[in-house]
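In what follows, a single structure is set out as structure tokens and then discussed.
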There are 2 protein chains.
Amino acid sequence: MIDSLSDRTRFDLEGIEVTPAARTETVNLLAMHESRRTSNGDEVSADYERAIITAARSAPTSSNLQAYSILVVRDPARRSRLAKLVGDQRYVEQAPLFLVFCADIYRLRLVCERQGHAFAADNLEMFLLASIDAALCMQNALTAAESLGLGGVPIGSVRNDPEGVATELALPNGVVATVGLAISWPSGSGRGPKPRLPDSATVHPEQYSTEGLVEAIEEYDSTMIAREVYRNRQVGLRSGQEQLPANKYGWSEHTARRCSDPGALGPASLREHLREQVQQRGFGLR
Amino acid sequence: MIDSLSDRTRFDLEGIEVTPAARTETVNLLAMHESRRTSNGDEVSADYERAIITAARSAPTSSNLQAYSILVVRDPARRSRLAKLVGDQRYVEQAPLFLVFCADIYRLRLVCERQGHAFAADNLEMFLLASIDAALCMQNALTAAESLGLGGVPIGSVRNDPEGVATELALPNGVVATVGLAISWPSGSGRGPKPRLPDSATVHPEQYSTEGLVEAIEEYDSTMIAREVYRNRQVGLRSGQEQLPANKYGWSEHTARRCSDPGALGPASLREHLREQVQQRGFGLR
């Protein structure tokens, strides 16, 4: 089935042709994703929340360890405090439903203790496994929300201040917030999906290839410049980066600035202290 | 819309009641997920592959950095070699389409170099960000595949031998496989979604709570024992763990054994060397 909004999918944006059979309602929905940052103020019902959470809990989990927890935040005062902790993102405050997905080994430690086995998974693998578990839940929650007509914005900046977020959410040692999801009824109609790097840059048949990569990046820079994605969003101007003419500032420059000088984006930019903070939260990373 | 198979969703399994409006076709699909490990041998068309990859590329990506790559493996000889590298999982060899999702900072480093900025994101945050990007793509690919009637199995054990997988897939420095997805036309009908911990254990309104956690775990142990999930799957028998009566071996014991003695599961079990291996692949983790 192709629904009425299917002219705003990535298939159309990029001219990707597939048969109608390949475009299930769900495939079209996924290909329509865009972050929706403006709420119309309406509540999200407990009914819809239950559907979203059930979808999240249905995501795969590595070895069925279920090394994640989901915090469901509705209290406006708490959302307001969290919005400040994650870099004053207004839509976290405005979205009536804010989910926080956490890597969780508190439960695994407890289970080891109760069964009389010594917990030995205090390593990078377990932190990664738990973070992936949490991420898969988040993506299912986002997909479920969008299928209900809601908008969602993933919030990586719950990692800006792990200890502050943990205090606000009463997370025990062994639990760290890795990604959030602000859910609201969107106002306005959005711009449609954001262009991505040409698939030749990110998708590799059989083996990784860098052939044509520079050309793909240059093409993408042009696309993003033409779309004016970075208007008034040049990175690091206050810390000495040059203001470039709009036609010189594409994905490459924006991305390079984000990945370089930690000062350019303020202290939380590259989350320089995440390793110590995650260890502080009870994850060994050996 | 509730489709004909909606009696095999997590809603039904757990008796979760929501209104029909909350059960979109996509919500039902997500709530029906189960790993399908047997292939009927049929090919997956290039058409369906294109739809799956487009869905994957439509997932959110942190700050639009697109710090992932997707390897599309169809060559039977390569799938066979990869199946051995990931712990001899037969369904990797049998699934006609094997996707490998990688954390990728090769491209970000290149972009920094071309723009004349020094790459400074050689820290845990960037590895985590890239791994989450890759995981979100994987989850979208899985959802798209399932909407097409295909079955998928996420393969975390691409992390068993990062260097071996990198060699097989010609991954450059700065790229590491974090999760795979074996896609096939399933044979048989499956068992329906696997029971999860009661939501009281994993979902927390407003703040984390451990109230009732032990009871929830005990309830889940009983559920999994009744379902005979661990029949002939007790962990660590060859390394000295006791064979327990089936009614004493539930999720708790299985999980505790997996999280404890690294020897119990063989050398790759807890992926003890992942930190060094990821660093070897070009990720700073400071």
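The values are calculated or read from the model by the stated rules, or taken from the named source; none is laboratory data. Source: prediction; values computed, not measured. Positions of Cβ are generated from backbone atoms using ideal geometry, with glycine treated the same way; all protein chains shown enter the neighbour counts. Remember, those area values only see protein heavy atoms, side chains included, never the ligands or the DNA or RNA. Shrake-Rupley method; radii C 1.70, N 1.55, O 1.52, S 1.80 Å.
Tabulated data
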{"quantity": "Any hit, segment A:63-75, residues being without any contact (Cβ under 8 Å) to a residue 40 or more places away in the chain, within 28 Å of A:A130 (Cα to Cα), basic (K, R) and within 9 Å of another protein chain (Cβ to nearest Cβ)", "calculated": "yes"}
{"quantity": "Tally, over segment A:114-135, of residues that are open to solvent by 10 Å² or more (accessible area, probe 1.4 Å), part of a loop (DSSP other than H, G, I, E, B) and of a type outside the set (D, E, K, R)", "calculated": "5"}
{"quantity": "Residue in segment B:151-166 that is more than 25 Å from B:L85 (Cα to Cα), more than 8 Å from every other protein chain (Cβ to nearest Cβ) and surrounded by fewer than 24 Cβ atoms within 10 Å (Cβ to Cβ) present", "calculated": "no"}
{"quantity": "Some residue of segment A:6-29 being in a strand (DSSP E or B) and touching a residue at least 60 places away in the same chain (Cβ under 8 Å)", "calculated": "no"}
{"quantity": "Odd one out for A:L108, checked against (1) closer than 26 Å to B:A56 by Cβ; (2) within 8 Å of chain B (Cβ to nearest Cβ)", "calculated": "(1)"}
{"quantity": "Meets criteria (part of a helix (DSSP H, G or I), closer than 17 Å to B:V158 by Cα and not small (G, A, S)) for B:R50", "calculated": "no"}
{"quantity": "Hey, B:G87 part of a loop (DSSP other than H, G, I, E, B) and within 28 Å of B:R36 (Cα to Cα) or not", "calculated": "yes"}
{"quantity": "Residue identified as surrounded by 19 or more Cβ atoms within 10 Å (Cβ to Cβ) and modelled with pLDDT under 95 among B:R286, B:R233, B:R238, B:R271", "calculated": "B:R271"}
{"quantity": "Residue tally, condition in contact (Cβ under 8 Å) with a residue 24 or more places away in the chain and either at the interface with another protein chain (Cβ under 9 Å from one of its Cβ atoms) or part of a loop (DSSP other than H, G, I, E, B) (or both), over segment B:227-239", "calculated": "5"}
{"quantity": "Verdict on B:E43 being of a type in the set (D, E), more than 8 Å from every other protein chain (Cβ to nearest Cβ) and in a helix (DSSP H, G or I)", "calculated": "no"}
{"quantity": "Of residues in segment A:188-230 being at positive phi and out of contact with any Lys or Arg (no Cβ under 7 Å at 6 or more places or on another chain), the one surrounded by the most Cβ atoms within 10 Å (Cβ to Cβ)", "calculated": "A:G212"}
{"quantity": "Residue in segment B:80-99 that is surrounded by fewer than 21 Cβ atoms within 10 Å (Cβ to Cβ), under 30 Å from A:V158 (Cα atoms) and acidic (D, E) present", "calculated": "no"}
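Yes/no per residue for (1) more than 26 Å from B:V175 (Cβ to Cβ); (2) in contact with a Cys (Cβ under 9 Å, 6 or more places away or on another chain); (3) at the interface with chain B (Cβ under 8 Å from one of its Cβ atoms):
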| residue | (1), (2), (3) |
| --- | --- |
| A:T178 | no, yes, yes |
| A:P193 | no, no, yes |
| A:D199 | no, no, yes |
| A:V203 | no, no, yes |
| A:T210 | no, no, yes |
| A:L213 | no, no, yes |
| A:E219 | no, no, no |
| A:M224 | no, no, no |
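Per-residue answers, yes or no, for (1) modelled with pLDDT under 95; (2) out of contact with any helix residue (DSSP H, G or I) (no Cβ under 6 Å at 6 or more places or on another chain); (3) more than 7 Å from every other protein chain (Cβ to nearest Cβ):
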position	(1), (2), (3)
B:S6	yes, no, yes
B:R10	no, no, no
B:A22	no, no, no
B:S35	yes, yes, no
B:I52	no, no, yes
B:A56	no, no, yes
